[in-house]
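S.K.: Below you'll find the structure I mean.
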Amino acid sequence: MTTAHLGKGGAIERRTPDAQDFVDMQASPEFQDLRRRLRRFVFPMTALFLTWYFVYVLLATYAADFMATKVLGNINLGLILGLGQFVSTFVITALYVRFANRDLDPRSAAIREELEGPAQ
């Protein structure tokens with residue numbers, strides 16, 4: 001048994017799982033569900049972002065006149081779409097954090113508790 005000290009307040013004692021415990025957990029329905037939920041979010045979001053990025057690169061390469069279209073003063077579509085790359089990155093990050101907090105973290109905490117025992 002491993003003891004992790006919290007400092008002046010005492011210690012949390014948890015069981016240290018062995019290699020077989022991890023193998024067994026990976027085969028469990030709870031772990032498979034966690035993995036499936038992660039993949040259902042990550043793969044489509046990655047495909048969406050990469051498609052958006054490559055469309056931007058292709059437009060910048062082959063549609064220079066379109067990208068140079070003035071929108072407001074010296075601001076053109078290329079600049080707006082380029083800044084949109086940054087915005088979409090932050091939006092995807094925020095969506096993932098919300099998704100992980102709501103769906104993944106409670107499930108992974110339950111798996112950890114099953115492996116190591118409850119925190120005391």
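S.K.: Rounding to the nearest 10 and keeping the result within 0 to 90°, find how far the Cα-based axis of helix 29-62 lies from the longest principal axis of the chain.
M.R.: 20 degrees
S.K.: Could you work out how far apart the two model spin labels at PHE86 and ALA63 are, taking each label as a point 7 Å from the Cα in the direction of the beta carbon, and quote it in nm?
M.R.: About 2.3 nm separates the two model spin labels.
S.K.: For the range 19-116, with every protein chain kept in place, what is the accessible area per residue (1.4 Å probe, Å²)? It would help to have the intermediate numbers written out before the result.
M.R.: Working: 7040 Å² over 98 residues.
Solvent-accessible surface per residue comes out at 72 Å².
S.K.: If you don't mind, there's one more thing I want to ask. Report the relative contact order of the chain, percent, no decimals, based on alpha-carbon pairs under 8 angstrom and at least 6 residues apart.
M.R.: 36 percent
S.K.: Which whole number in µm²/s is D for the range 17-62 by Stokes-Einstein, with the Kirkwood Rh taken over Cα pairs at 20 °C and 1.002 mPa s?
M.R.: On the way: Rh = 13.2 Å.
For the chosen part, D equals 163 µm²/s.
S.K.: Also, I was wondering about something else. Work out, in µm²/s and without decimals, the Stokes-Einstein translational diffusion coefficient of the range 79-120 at 20 °C, 1.002 mPa s, Rh from Kirkwood over C-alpha pairs.
M.R.: On the way: Rh = 12.5 Å.
D, rounded to a whole number, is 172 µm²/s.
S.K.: Work out, in µm²/s and without decimals, the Stokes-Einstein translational diffusion coefficient of the chain at 25 °C, 0.890 mPa s, Rh from Kirkwood over C-alpha pairs.
M.R.: On the way: Rh = 18.5 Å.
Answer from the Stokes-Einstein relation: 133 µm²/s.
S.K.: For a quick check: with amide H placed at 1.01 Å from N, whose amide H comes under 5 Å from GLU13's, ignoring anything fewer than 5 positions away on the same chain?
M.R.: For GLU13, whose amide H was placed from the backbone, the distant partners under 5 Å are GLN120.
S.K.: At a 1.4 Å probe radius, carbon and sulfur cover how many percent of the accessible area of the range 19-116?
M.R.: On the way: 4770 of 7040 Å².
Carbon and sulfur together cover 68 percent of it.
S.K.: Please give the helix 77-99 orientation as an angle from the longest Cα principal axis of the chain, in degrees from 0 to 90, rounded to the nearest 10.
M.R.: The two axes meet at around 20 degrees.
The values are calculated or read from the model by the stated rules, or taken from the named source; none is laboratory data. Since we're looking at a predicted model, the values are computed, not measured. Methodologically, a virtual Cβ is constructed for each residue, glycine included, from the backbone with ideal geometry; neighbour enumeration extends over all protein chains shown. Protein only, heavy atoms only, side chains kept; ligands, DNA and RNA dropped before computing areas. Shrake-Rupley method; radii C 1.70, N 1.55, O 1.52, S 1.80 Å.
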